Amino acid sequence: MTHPNTLARPAVAEPAGRAVGPSRGARAGWSPLLTALGLFAAARATGVLVLAATAWATGRHPATLLARSWDSLWYLRIAAHGYGPTLHLRPGVVYSDLAFFPLYPGLVRAVTALTPLNASTAALLVSWLAAAVAACGIYAVGARLRGRAVGTALVLLWALLPHSVVLSMAYTEPLLTAFAAWSLYAVLDGRWVGAGALAALAGLTRPNGLAVAAAVLAAAVCELARRRGRVSHRLWTGAALAPLGWAGYVLWVGHRRGDLLGGYFAVQRSWGSRFDLGAGALRFVRHLLLHGGRFVFPMAMVIVAAAVLLFALLIAERAPLPLLVHSGVLLLITLGGSGFFASKPRFLLPAFPLLLPLASALVRTARARPWHATLVAGALAGLSFAYGAYLVVVAHTPL
């Protein structure tokens, strides 16, 4: 498959004719974005209410579950005390907080320093604001490629993913998706320095933030080849910036551990996480098929399989190269990594371009048979809200 142009043109041009005044034009431009953001906020607020009702019914506090579950505790410790603590579970098993990238806890620490908020509330505030910024970026990418209706549908589908409850928790996926969405939009718009800077920030947020840098670099190489080397210095600057965040933290951890290139990966191995081309995941799936397991594990397997199918559809629809690389690298990291099988759907939350084929189909259905589209959206919402509450309140399985 070839991609003759890395940079996609806007999907819809303004019609010619009578001039539109600035205020009317601004309203027309902002209204679809506000609609998409409102749908996202309504979906996530409803999900939180369902989770809260489930938590109260079981005698637990929803705010504690949202702010202090699993990895959130590590981020809060880093925000409060910096790096250093380790958890010794048993001989030979040591969990180090160096596995967690620094930008999110750094933002939490900044908010607690500048406001009277405690760490838990600050962590939720950072995540919720980042989720809103991510929703705006996802809308912008979808609207640019396939029109405003698809952009709105793309945001709604992202808000209704089975694991979208994570977007309301003190986790890093909202922040990574915000940087990823706007970096990809900047690439599509030819704004290379902005794209590279946002990719660098994504690389400081999560290990799989490397996917954003890969997308920027792939687009830069494609543009360089297309223009036969005659490109602006901005492209070179953006390409140079893109991997700095991820590489800088990995090297810092390596230096701190006394193994510059391998120190960070040794930390990950101590958590049971390594890239083995999927061998560990295949062994787990085989065990799951033969002996069964908790509900979250077959659900994770179905979600990852659906993501692979959606990636094939994205390729068939000839999506722009940066979106393919971003989603493909996230899929590769998710499929090829061992350990924490139940977390794999969460790792794919930033891969929102995978939802583009579904968003386009939902818009076509809504125009032809509105009630069918309403039923689909309602079914997705029911699954998302119920499964999200189950994951956080009932499952007791690491997210």
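The values are calculated or read from the model by the stated rules, or taken from the named source; none is laboratory data. The model shown is predicted, which means the values in this text are computed figures rather than measured ones. Please note: Cβ atoms are built from the backbone with ideal geometry, for glycine as well, and neighbour counts cover all protein chains shown. Each accessible area value is taken on the protein alone, full model and side chains, heavy atoms only, with ligands, DNA and RNA left out. Shrake-Rupley method; radii C 1.70, N 1.55, O 1.52, S 1.80 Å.
Please identify the pairs in which a residue from region 140-155 that is open to solvent by 10 Å² or more (accessible area, probe 1.4 Å) has its Cβ atom under 6 Å from the Cβ atom of a residue that is of a type in the set (A, V, I, L, M, F, W, C) and modelled with pLDDT under 95, counting only partners at least 6 apart or on another chain.
Leu145/Ala8; Leu145/Ala11; Arg146/Ala11
Among the numbered criteria (1) among the β-branched types (Val, Ile, Thr); (2) closer than 25 Å to Gly272 by Cβ; (3) open to solvent by less than 30 Å² (accessible area, probe 1.4 Å), which single criterion is violated by Thr86?
(3)
Kindly evaluate Gly278 against the criterion of being surrounded by fewer than 18 Cβ atoms within 10 Å (Cβ to Cβ) and more than 28 Å from Ala200 (Cβ to Cβ).
Considered against the rule, which asks whether it is surrounded by fewer than 18 Cβ atoms within 10 Å (Cβ to Cβ) and more than 28 Å from Ala200 (Cβ to Cβ), Gly278 comes out as yes.
Kindly check whether there is at least one residue in region 344-364 that is open to solvent by 20 Å² or more (accessible area, probe 1.4 Å), more than 30 Å from Val329 (Cα to Cα) and modelled with pLDDT of 95 or more.
Taking every residue of region 344-364 in turn, none turns out to be open to solvent by 20 Å² or more (accessible area, probe 1.4 Å), more than 30 Å from Val329 (Cα to Cα) and modelled with pLDDT of 95 or more.
From Val376, Val304, which residue is open to solvent by 50 Å² or more (accessible area, probe 1.4 Å) and either under 27 Å from Ala52 (Cα atoms) or at pLDDT 95 or above (or both)? Even if it seems obvious, please write down each step before you answer.
Details: Val304 fails: open to solvent by 50 Å² or more (accessible area, probe 1.4 Å).
Only one candidate passes the filter, namely Val376.
Within region 52-72, which residues are within 17 Å of Leu399 (Cα to Cα) and either open to solvent by 80 Å² or more (accessible area, probe 1.4 Å) or within 20 Å of the chain's Cα centre (by Cα) (or both)?
If the condition is that a residue be within 17 Å of Leu399 (Cα to Cα) and either open to solvent by 80 Å² or more (accessible area, probe 1.4 Å) or within 20 Å of the chain's Cα centre (by Cα) (or both), then Leu66, Ala67, Arg68, Ser69, Trp70, Asp71, Ser72 are the ones that fit.
Between a residue in region 360-381 that is under 14 Å from Leu154 (Cα atoms) and any residue that is open to solvent by 40 Å² or more (accessible area, probe 1.4 Å) and not in a helix (DSSP H, G or I), which pairs come within a Cβ distance under 7 Å, given they are 6 or more apart or on different chains?
none
Can you name the condition, by its number, that His3 falls short on among (1) under 30 Å from Leu235 (Cα atoms); (2) modelled with pLDDT of 55 or more; (3) crowded, with 16+ Cβ neighbours inside 10 Å?
(2)
Looking only at region 199-207, decide whether some residue is surrounded by fewer than 17 Cβ atoms within 10 Å (Cβ to Cβ), of a type in the set (Lys, Arg) and touching a residue at least 40 places away in the same chain (Cβ under 8 Å). Walk me through it before giving the result.
Quick first cut of region 199-207, residues surrounded by fewer than 17 Cβ atoms within 10 Å (Cβ to Cβ) only: none.
So far as region 199-207 goes, no, none of its residues is surrounded by fewer than 17 Cβ atoms within 10 Å (Cβ to Cβ), of a type in the set (Lys, Arg) and touching a residue at least 40 places away in the same chain (Cβ under 8 Å).
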